[in-house]
Amino acid sequence: MGESIPREAQAYYNRGVEAGRLFRSHGLIEFARTQEIILRHLPPPPCTILDVGGGPGAYAGWLASLGHRVTLIDAVPLHVEQAQESSARRPEAPLVACRLGDAQRLEEGDATARAVLLLGPLYHLTERRDRLQALGEARRVPEPGGLLFAAAVSRYASLLSGVADNPSAIRISRPSSPAICATASTGTPRTRTTSRPPSSIAPMSSRPRCGKPASTLSICWASKAPGGFSPISSSAGPTRRSASACFRRRGPSRASPRSWVSRLT
């Protein structure tokens, strides 16, 4: 059974729009950037890969076409059906399996995959304890030396997505609060702070490299806990819409994921 997600998110996904999201607008940048990070660290095929919350299978199908053995799980029945149909259209490079699954209770055993993708569940698990549970599950599946690719959205995701899609329609100018604006020519959001922002809306991301529009953000921080995972990717984009990170498993560890996922929660 798939994990419980908000009714609004379920209704959105049931519209079927996720199947094309990464192939239009700023989704193209997100897809290309995530592919770049994955290819930078993933060993040559064949690798056993678990795509947790893989949606209609954009990343899973791409990885299977490269020769990897990919299993996809998702909480939305429509997404599983779409992934199965997409896999059937590629008999030369099908997915190993597509099934309903719960990111917080994975069926896979410990150290059974070369890499795990967690590019969806952290978007809709709104409680911190649920995100920690999903991350804890994802970190036990990679084998020693394996990889975990994780992504999450920032507090600014909904606002900046609207700014990027409709830059000319957004005007926020309220005293003693951050003013968010966008350039009409590029649609690239900029933040102009008229006073110190309250801590409740402080961005979770690292400082961006301005001047290079991007829809995704990958972050990096150090974990001093023995074992566990070592983060190995770091870059940023000014939109601060989402955060992505790649971790390499050092070896068996019972350390809490809290020590290395604080910025994703």
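Quick note: the coordinates plus some simple rules give every number you see, no bench work behind them. All values reported here derive from a predicted model rather than from experimental measurement. When we count neighbours, we look across all protein chains shown, and the Cβ atoms used for this are built from the backbone with ideal geometry, even at glycine.
Treat each spin label as a single point 7 Å out from the Cα along the C-beta direction, and report the residue 127 to residue 23 distance in nm.
3.7 nm
Could you compute how fast the stretch 43-141 diffuses translationally, taking Rh as the Kirkwood radius over C-alpha pairs and applying Stokes-Einstein at 25 °C with viscosity 0.890 mPa s? Give it in µm² per second. The partial results should precede the final answer.
Values: Rh = 13.4 Å.
Approximately 183 µm²/s, per Stokes-Einstein.
Specify, per residue and in Å³, the volume enclosed by the convex hull of the alpha carbon atoms belonging to the stretch 1-75.
Cα-based convex hull of the stretch 1-75, divided per residue, equals 99 Å³.
Quickly rank 68-74, 35-41, 136-142 as a protection proxy: mean count of other C-beta atoms within 10 Å, highest first.
Details: 68-74: 25.4, 35-41: 14.7, 136-142: 21.9.
The most tightly packed comes first, giving 68-74, 136-142, 35-41.
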